[in-house]
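**Q** Structure in structure tokens, see below.
Every read-out reported here was derived from the displayed coordinates using simple, explicitly stated rules and does not represent laboratory data. Quick caveat, the model's predicted, so the values are computed rather than measured. Cβ placement follows ideal geometry from the backbone for every residue including glycine, while neighbour counts extend to all protein chains displayed.
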Amino acid sequence: MSRYCLDTSAYSRFQRGEESVVELLDAAEWVGVPAIVLGELRAGFTLGGRPERNESELRAFLESPVVATLVVDDEVSRHYASIVTDLRRAGTPVPTNDVWIAATAARTGSLVLTYDRHFEAIVRVGAVIVES
């Protein structure tokens with residue numbers, strides 16, 4: 001069963017048509033999009049040259065029956081705290097938003113789908129790291 005928690009890097013490259021991530025998402029049974037990813041994407045849309053088009057494409061993606069928007073709740077915050085503790089003890093920094101994405105993946109029992117190798121440092125959550 002393919003359950004993915006989508007990272008911003010994977011969504012962006014999916015929208016650019018990168019074959020490896022397109023194939024994974026097309027075959028996925030479930031794709032969760034954390035609210036953190038939506039914030040990162042929308043910040044990028046605002047700063048970019050095609051905000052309306054990007055927002056329209058995102059809305060269409062979110063309307064897919066296999067896609068769910070994932071919120072930060074109490075359980076996600078508990079996973080976040082555990083992951084941060086593990087990373088600090090290991091001396092392995094990871095960007096804060098990516099820790100929240102990993103915590104959301106832990107909450108949903110899904111794998112993070114990403115292009116960012118630093119997710120390998122988060123041992124509590126599995127990741128599918130797509131190669132460019």
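**Q** Given the options L47, L38, L111, state which has the largest fluctuation in a GNM of the chain using a 10 Å cut-off (strictly under) for Cα springs.
**A** Fluctuation is largest for L47.
**Q** Could you give the angle, 0 to 90 degrees to the nearest 10, between helix 74-90's Cα long axis and the longest principal axis of the Cα atoms of the chain?
**A** Taking the Cα atoms of the chain, the angle to 74-90 is about 60 degrees.
**Q** Show that you can apply the helix-only estimate: for the chain, add -39,500 (n - 2.57) for every DSSP H stretch of four or more residues, divide by all residues, and state [θ] at 222 nm to the nearest 500.
**A** On the way: 6 runs with 72 residues, N = 132.
Mean residue ellipticity at 222 nm (helix-derived): -17000 deg cm²/dmol.
**Q** In the Gaussian network model of the chain, springs joining C-alpha atoms below 10 Å, which of T85, T104, T114 carries the largest mean-square fluctuation?
**A** Of the options given, T85 has the highest mean-square fluctuation.
**Q** May I pose another question? Rounded to the nearest 10 degrees, what's the angle between the helix 96-108 long axis and the longest principal axis of the chain, both from Cα atoms, 0 to 90?
**A** Tilt relative to the chain: about 90 degrees.
**Q** Between V66 and V84, what length in nm is gained on full extension when 0.36 nm per residue of separation is reduced by their alpha carbon distance? Display every interim value, and only then the final one.
**A** Values: separation 18, 0.36 × 18 = 6.48 nm, distance 2.97 nm.
Here the answer is 3.5 nm.
**Q** Could you pull out every residue, at least 5 positions away or on a different chain, whose amide H is within less than 5 Å of the one on L70? Hs are placed 1.01 Å off N in the peptide plane, and Pro or chain starts have none.
**A** Amide H neighbours of L70: V33, A35.
**Q** Moving on to the next point. Which entry is the computed Rg and Dmax of the Cα atoms in Å for this structure: (1) 15.8, 49; (2) 14.3, 43; (3) 15.1, 48?
**A** Computing Rg and Dmax of the Cα atoms in Å and matching it to (1) 15.8, 49; (2) 14.3, 43; (3) 15.1, 48 gives (2).
**Q** Does region 41-87 classify as rounded, prolate or oblate by the C-alpha gyration tensor (a ≥ b ≥ c root eigenvalues; a/c under 1.5 gives rounded; else a/b over b/c gives prolate, otherwise oblate)?
**A** Values: a/c = 4.07, a/b = 1.81, b/c = 2.25.
Since a/c reaches 1.5 but b/c is at least a/b, the shape of region 41-87 is classed as oblate.
**Q** Here's something else I'd like to know. Once you list every other residue whose beta carbon is under 15 Å from the beta carbon of R117, what net charge do they have if Lys and Arg are +1 and Asp and Glu are -1?
**A** Working: positive: R13; negative: D7, D98, D116, E120, E131.
So the surrounding residues net to -4.
**Q** Charges only on Cβ, +1 for Lys and Arg, -1 for Asp and Glu: so what's the dipole of the chain about the Cα centre, in debye to the nearest 20? Present the calculation step by step, with values, prior to reporting the outcome.
**A** Details: 13 positive and 19 negative charges, 74 e Å.
With Lys and Arg at +1 and Asp and Glu at -1, about 360 debye.
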